[in-house]
Amino acid sequence: MKILAIESSCDETAVAIVEDGHVLSSLVSSQIDIHKKYGGVVPEIASRKHLEIVDRLVLQAMEETDLTLEEIDIFAATMGPGLVGSLLIGLSVAKGLAISLNRPFIGVNHLYGHVYANLISYPELRQPFIVLLVSGGHTEILLMEEWNTVEMVGKTRDDAAGEAFDKISRLLGLGYPGGPEIEKAARGGSPIYSFPRPLQEKGNYDFSFSGLKTSVLYFLQRNPGVSVEDVAASAQEAIVDSLVTKTFDAAQNLAVDKIAFAGGVAANFLLRERAIEMASKRGIRVFFPPIDMCTDNAAMIAVAAYEKAKRRLYSPLSTNAVPYLSLDVF
């Protein structure tokens, strides 16, 4: 079963071809350099850039795999969540190919795609397991009991971890995207400042990062000329500490011995290091996607589509973009 998938939910245009769950080609064209000067993604620019590049990526994927479009069994695309204009580009191309070649179409929830990115490296991973999903505006602890069913264990009450990285990076003058910029700066500093870790009461698995951003703002106002690297390291320490501690506490409380990490923040080196350390202490196995599969890509969308295709859960061609698609929809 060969699946061609398109991911265009935000500012990466991606195309991948997967055969029976194995990645044959995975291409990503990033717009980071374009949006960097604006300090964040400009939706109209993002959708126009998707339109410019997506056809070329499809053709390149076909060339890399030495396949023809007629040999593709199923076409898939991200249907949400994301920027509506960007989502519509990928959806329209995938549905157009499905119609022209009389093939099934599958719409995929971007968030489940991040979870299923783990199966690319760990096909043996089986439910139940805990997921720490840290992608874009999402920071959630999930219990995955079935292949398409999750239970919300904890979530952010305000800013997501990725948003906190972006906002703190802006305060420090480090640029966009914030996560990689703060991680880079933190390597030259030490976590010598204590920033808040809210909601620390036992049994509370929710997150809150808006207070951290405000704390950094006031700290910088009170301490002009302070080391940017030390502040970056201290802020990163606070975010990672909250993420790792709550996730492992949730797994232990629910008697689940596997944790999968998903989303762009899962690429953070300190997060991986601390999770591996805590896993060793608590006897819990941890799973991280490859670094290039943490950020938005189409291989994860194709793998999620493969799980749906095995159960013949095809999508109607009337499937539309859903910017605020929830985890209730696979």
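Brief remarks follow.
- Other residues within the sphere of radius under 11 Å centred on the Cβ of Leu217, judged by their own Cβ, net out at +4 (K and R +1, D and E -1).
- Scaled against 2.2 N^0.38 Å for its residue count N, the alpha carbon radius of gyration of region 143-268 is 1.12.
- When each of Arg222, Arg285 is scored by the number of other beta-carbon atoms lying within 10 Å, the sequence from fewest to most is Arg222, Arg285.
- Against the chain, whose longest principal axis comes from its Cα atoms, helix 84-101 is set at around 20 degrees.
- Of interest is the spacing of the C-alpha centroids, which for region 1-65 and region 147-183 amounts to 22 Å.
- To the nearest ten degrees, helix 161-171 and the longest principal axis of the Cα atoms of the chain are 60 degrees apart.
- Sequentially through region 9-22, phi angles give Karplus couplings (6.51, -1.76, 1.60; θ = phi - 60°) of 6, 9, 10, 10, 9, 9, 9, 9, 10, 10, 10, 6, x, 9 Hz, Gly and Pro residues having no value and appearing as x.
- Cβ crowding within 10 Å averaged over residues, with 99-106, 170-177, 303-310 ranked highest first: 303-310, 170-177, 99-106
- Largest-first ellipsoid semi-axes for region 1-135, taking √(5λ) over the Cα gyration tensor eigenvalues, angstrom: 23, 21, 13
- With contacts taken as Cα pairs under 8 Å and at least 6 residues apart, the chain reaches a relative contact order of 25 percent.
- Cα-based helix-to-principal-axis angle, 43-65 vs the chain, degrees rounded to 10: 60 degrees
- Which of Ser208, Ser26, Ser135 has the fewest Cβ neighbours within 10 Å, and the rest in rising order: Ser208, Ser26, Ser135
- Pairwise Lys count, region 127-289 - Cα closer than 26 Å, eight or more residues apart or different chains: 19
- For Asp230, Asp33, Asp11, order by how many other beta-carbon atoms lie within 10 Å, fewest first: Asp33, Asp230, Asp11
- Rounded to the nearest 20 debye, the dipole size of region 10-138 about its Cα centre is 600 debye, using +1 on the Cβ of Lys and Arg and -1 on the Cβ of Asp and Glu.
- Computed about the Cα centre, the dipole magnitude for the chain is approximately 620 debye when only Lys and Arg (+1) and Asp and Glu (-1) carry charge, each at its Cβ.
- Ellipsoid equivalent to the chain - semi-axes via the Cα gyration tensor, in Å: 34, 23, 16
- Considering only Cys10, Phe288, Val153, the residue lying farthest towards the positive end of the dipole of the chain is Val153, judged by Cα position with unit charges set on Cβ.
Coordinate-derived values only; no laboratory data. As the structure is a prediction and not an experimental result, all values here were calculated from the model. Please note: Cβ atoms are built from the backbone with ideal geometry, for glycine as well, and neighbour counts cover all protein chains shown.
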